[in-house]
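The structure under discussion appears below in the form of structure tokens.
Laboratory data are not the source of any read-out in this text; all were calculated from the coordinates shown. From a predicted model like this one, the values you see are computed outputs, not experimental measurements. Positions of Cβ are generated from backbone atoms using ideal geometry, with glycine treated the same way; all protein chains shown enter the neighbour counts.
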Amino acid sequence: MTPAKPPQTAKSPRRAVAAADRTRQPTEVRRRLIVEAAVPLIAERGYAAVGVRDVAAAAGVSVGTVTYHFGSVQEILSEAMVLHIERYYSDLSEAAEQAAGGAEALRLLVDALFTEDTDRHWRMWFDYWNAGDQGNDEAFARGQAQRYEAWHQQIRALAERGVTDGEFTGDDLDGFTARFAALADGLALQRLRQAPPLSTEDARRHLNRLIETELVRRPPG
């Protein structure tokens, strides 16, 4: 006779436990979890190729949880892009601030803008701008304008630092800033599309040439 098996304690499904835990999390924590999960998806696939199911799967939550906290896929992806962009440029600013002077800071900025790992950033940057053309969200448009204005201010501050420290001469820092930002965007787009082919080294060389041409180094002494 086969001995009777001892009774087993019923276990709650793992999904149910996870759902209960998620219910106790503050709303901002759950929203952040979803947004954080969306960042690498956009970087790898592009904004247009990511759907709500993809985000839910990456975040480990149900589709219903995602739609409860966000009104649309665009809202999720827009917040994810903003999060990534703010982190990226915050890191650039921190590195530049630690430089010995304006000239070194600009060089570090150029080096950081074009590496073998920055194609993902540039893809998200252009997706972010394209997302603004897909609706009439005034708050989103204002956020875009503020972000680009902050980027311009960062470039100008580094150039002005070089002039103040006596490293450069330059009488059109606003013009230099506009041309630097435009050239960086153009080179990034060419880099992504490779039409014509562009290496990271050549992209850096073009930007450094602009700096050398417009911000003339003062002779020592």
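In terms of the Cα gyration tensor, with a ≥ b ≥ c the square roots of its eigenvalues, is the stretch 115-221 rounded because a/c is under 1.5, prolate because a/b exceeds b/c, or oblate?
oblate
Between Thr169 and Glu104, how high is the FRET efficiency from 1/(1 + (r/R0)^6) when r is the Cβ-Cβ distance and R₀ = 25 Å? Nearest 0.05.
Efficiency, from the Cβ-Cβ distance: 0.90.
If you stretched the chain out fully between Ala195 and Ala182, how much longer would it get, using 0.36 nm times the residue separation minus the C-alpha to C-alpha distance?
My answer for the length gained is 2.9 nm.
Grab the alpha carbons of the stretch 33-104, take their convex hull, and tell me the volume per residue in Å³.
96
What distance in nm lies between label points placed 7 Å from Cα along the C-beta direction at Arg147 and Glu44?
Label at Arg147, label at Glu44, 2.1 nm between them.
Taking 30 Å as R0, compute the FRET efficiency from the Cβ-Cβ separation of Asp117 and Thr67 and round it to 0.05.
0.35
Within the stretch 36-67, what residues put their amide N at less than 14 Å from the label point 7 Å along the Cα-to-Cβ vector of Asn130?
42-51
Which ³J(HN,Hα) values in Hz, rounded to whole numbers, follow from the phi angles of the stretch 175-191 under the Karplus curve 6.51 cos²θ - 1.76 cosθ + 1.60, where θ = phi - 60° and Gly and Pro get x?
x, 4, 4, 5, 6, 5, 5, 5, 5, 4, 4, x, 5, 5, 5, 5, 4
Could you please tell me the mean projected area of the C-alpha convex hull for the stretch 54-175, averaged over all directions and given in square nanometres to one decimal?
Computed as one quarter of the Cα hull surface, the answer is 9.5 nm².
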